[in-house]
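Beneath this line is the structure, given in structure tokens, with notes to follow.
We did not get these values from a lab; they are worked out from the coordinates using the rules stated. Please read these numbers as outputs of a predicted model, since none were measured by experiment. Quick reminder, even Gly has a Cβ in these numbers, built from the backbone with ideal geometry, and neighbours come from all protein chains shown.
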Amino acid sequence: MILGRKMVVAQLWEYMVPGQAKPPRRVLCSQEESFTITLPNGKTKRRSAQQRALYLVGLLNQAVADYKKELAEKPKQSCPNISEAFNGWLDQIAATRSAATARTYRRTREKYLAINGDHPLADYSHLQATRFLGSLAEMGLAPRSINKEATQLQAFLSWCFAAGLVLVPARPVPKLRITQREAKVYSLEQALAIDALLVQAVEASRADSDYRQRLALSHLRAWRLLRFTGFRASEVVTLKLSAIRLADGYILLQDNLEMGMEVKGRVEARVPIAQGLLDFLTKDLAARSVGENYYLDRGNGRPLYSSADALSKALLPYKRAAGVDPRIKVLHGLRGGVATWLSQAGAELSTVQKILRHKDLSTTRQYVNADMLDTQAALDKLPKDKI
């Protein structure tokens, strides 16, 4: 059983056909439905751990019974056309992924059929993939966009093999080689300028309603945490106050399944608290109201923002007011900024990798803007000749 960000999905391993890469999957319910019970009066009640386990086992047994029925009723068919296979794949995507992801994959289907036409799935070859990508280039798509389409086509072909629609996996879809561009990140001066605007907003909100004051203070809280840690925006939105261990000097990053957030790599992380952030958090936590549960809280124990996008939109006006390059992403640009500032301060790239919690060093390298590094200061550190 897989506990995804939004859905609970069952993997039917006992019905896996030899040669398939993955077992059949069936969506059992949403994460929210697995945690709550709807009472006859329309109100909801949280399930206990035992109730949730029994509920999911019941859904799993029903899914197995339904799958057996499907196998018994399924007529033996010849290999379908690729349009039919695309439709089956998109149905599964729509049930397990977000609506935005489903729309993106649907556009890939439309582009492929417009270029190669409909044909039996068994007739697919490397030639169709080459024609598909070549036509996208002629249409003026950027190399990164073409590679994204190639990745989605590869995901579809892998699904066809896993679903038993083809007996042999297709060759990997080729991708274009892209020259790495310098990361678009905040300079330290820009980050501090936005910080100053946020402080001004907090001061100005003191004459407004409690909600306006809480909103302005939450913006400052989010920016300070991002600026001192390099956290991902989703980690800030879902962070609970209980995870901030001031006495121990670290913040514990954990899964928050209620909000559909899993720690990247699915490994809990203890992130050290910088001295500047420690001073801010000490004062901030001491002034918190009773009943607050989240770092960005509504004041009643519920999260103020439901997603990273919502927080990004809230902070966008401050970025514009500071005159920052519009190509810099509101929140992710700050994560790259932390990587660059640490490198400017002389930190080894492996140390930056550990702070940002990247699996590969090559990923960390993409976050550092080399144009902002002081090459002269680095050269001056070389040993001098003794004359």
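From the cross-link list Lys6/Lys43; Lys148/Lys359; Lys111/Lys313; Lys175/Lys329; Lys45/Lys359; Lys6/Lys359, which pairs have alpha carbons spaced over 28 Å apart? Exceeds cut-off: Lys111/Lys313; Lys45/Lys359.
With a Förster radius of 25 Å applied to the C-beta separation of Arg106 and Glu70, the computed FRET efficiency comes to 0.55.
The 3J(HN,Hα) values that the Karplus relation (6.51, -1.76, 1.60; θ = phi - 60°) gives for the stretch 238-251 are, in residue order, 9, 5, 9, 4, 5, 7, 8, 9, 4, 5, 8, x, 8, 10 Hz. Gly and Pro appear as x. Loop-resident trypsin sites (Lys or Arg not before Pro) (DSSP state other than H, G, I, E or B) in the stretch 103-200 with no more than 13 further Cβ atoms inside 10 Å of their Cβ: Arg177, Arg181. With the helix formula -39500 (n - 2.57) applied to DSSP H stretches of n ≥ 4, the chain reaches a computed 222 nm mean residue ellipticity of -16000 deg cm²/dmol.
The GNM of the chain, with springs linking C-alpha atoms under 10 angstrom apart, assigns the highest mean-square fluctuation among Asn293, Asn41, Asn61 to Asn41. Dipole of the chain computed with +1 at Lys/Arg Cβ and -1 at Asp/Glu Cβ about the Cα centre; of His126, Leu39, Leu241, farthest Cα towards the positive end is Leu39.
The magnitude of the dipole of the chain, with charges of +1 and -1 set on the Cβ of Lys/Arg and Asp/Glu and taken from the Cα centre, is near 280 debye. Using Cα springs under 10 Å in a Gaussian network model of the chain, which residue among Ile251, Ile146, Ile355 shows the largest mean-square fluctuation? Of Ile251, Ile146, Ile355, the Gaussian network model singles out Ile146 as fluctuating most.
Charge tally around Ala94: other residues with Cβ under 13 Å, Lys/Arg +1 each, Asp/Glu -1 each, net +4.
Working note: Cα atoms of the chain, range along each principal axis, descending, whole Å: 75, 73, 41.
How do Leu304, Leu349 rank when sorted from fewest to most other Cβ atoms within 10 Å of their own Cβ? Before the final figure, lay out each step's value.
On the way: Leu304 20, Leu349 15.
So the ranking, lowest neighbour count to highest, is Leu349, Leu304.
Label positions at Arg270 and Glu348, each projected 7 Å from the Cα along the C-beta direction, are separated by 2.1 nm. If R0 is taken as 45 Å, the Cβ-Cβ distance between Glu258 and Tyr15 corresponds to a FRET efficiency of 0.90. Between amide H atoms placed 1.01 Å from N, distances below 5 Å from Lys175 occur with no residue 5 or more places distant or on a separate chain.
Dividing the Cα radius of gyration of the stretch 188-372 by its Kirkwood radius returns 0.94 for Rg/Rh. Per residue, the average separation of C-alpha pairs within less than 8 Å and at least 6 apart gives the chain a relative contact order of 14 percent. Of all the options Arg224, Arg320, Arg25, the one that moves most in a Gaussian network model of the chain with Cα springs shorter than 10 angstrom is Arg320. Computed over all pairs of different Cα atoms, the Kirkwood value for the hydrodynamic radius of the stretch 247-318 is 14.2 Å.
Grab the other residues whose beta carbon is less than 11 angstrom from that of Leu316, score K and R as +1, D and E as -1, and report the net.
Details: positive: Lys313, Lys319, Arg320, Lys329; negative: Asp309.
For residues surrounding Leu316, the net value is +3.
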